[in-house]
Amino acid sequence: MTLLPDSLPDAEAQCQQLAEAIRPSLSKNPALVGIFSGGVWIAERLRALLGLADEIGMIDVSFYRDDFAEKGLHPQCRPTTIPFDVQDRHIILVDDVLYTGRTTRAAINELFDYGRPASVQLAVLADRGGRELPIDKSFEAWEVTLGEGANLVLESNPQGLLAWRLENA
């Protein structure tokens, strides 16, 4: 379906849906790692909804992007923080939108710099198709097709509530 600006779903409700999709698959030793910035916001929600004790990990893939030499450093680069041992953990990598797969690839590359996880699953709020790499999600809340030049952006308002915005290039 082509998305119309007035048909954006409730991102907070989607976080609930995503948690319910993940719950039956939780392993004995799960850990959440969010990709800045939307993935971190979602991972924080999932941690609370799933009742997980460990703090979430946060990854900034800026230095791991395959287009780093072309685009340079993102102006809002943040430090990656993994507050737990990655070795042999069942990692759920969390992002807001899955599109080409390049951000996910970069996050997995960086994650392996911290150790060798037992498994890595990908959870996203929105899958917009358009893969350029053989990457797929394990959990999703929404499959969407956007018109040419359109981008889906997850925002956090001053109260911390998540909402989708449609952006045209």
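Throughout, read-outs are computed from the coordinates displayed, never taken from laboratory work. This is a predicted model, so every value here is computed, not measured. Every residue, glycine as well, gets a Cβ built from its backbone with ideal geometry; the counts of neighbours run over all protein chains shown.
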### Query
Top mean-square fluctuation among V153, V61, V33, Gaussian network model of the chain, C-alpha springs under 10 Å?
V153
### Message
Can you tell me which of G39, G130, G101 moves the most in a GNM of the chain? Springs connect C-alpha atoms under 10 Å apart.
### Response
G130
## Note on the structure
If each K or R counts +1 and each D or E counts -1, the residues other than R47 whose Cβ falls under 10 Å of its Cβ total -2
### Task
Please identify every one of the GluC sites (Glu not before Pro) in region 120-169 that sits in a loop by DSSP and has no more than 14 other beta carbons within 10 Å of its own beta carbon.
E132, E148
### Task
Would you mind working out the magnitude of the charge dipole of the chain relative to its Cα centre, with +1 at each Lys and Arg C-beta and -1 at each Asp and Glu C-beta, to the nearest 20 Debye?
320 debye
### Task
Label the chain by shape, choosing from rounded, prolate and oblate, from the square roots a ≥ b ≥ c of the eigenvalues of the Cα gyration tensor; if a/c is under 1.5 it is rounded, and otherwise prolate applies when a/b is larger than b/c, oblate when it is not.
oblate
### Task
Mean Kyte-Doolittle of at least 0.5 plus a Cα span of 15 Å or more along the axis: flag which DSSP H helices in the chain meet both, please.
38-50
### Query
Which order do L52, L161, L111 fall in if you start with the one that has the fewest other Cβ atoms within 10 Å?
L161, L52, L111
### Query
Three principal axis extents, largest first, for the C-alpha atoms of region 93-152, in Å?
39, 20, 17
### Task
For region 1-61, just the Cα set please: Rg and Dmax, both in angstrom.
13.3, 41
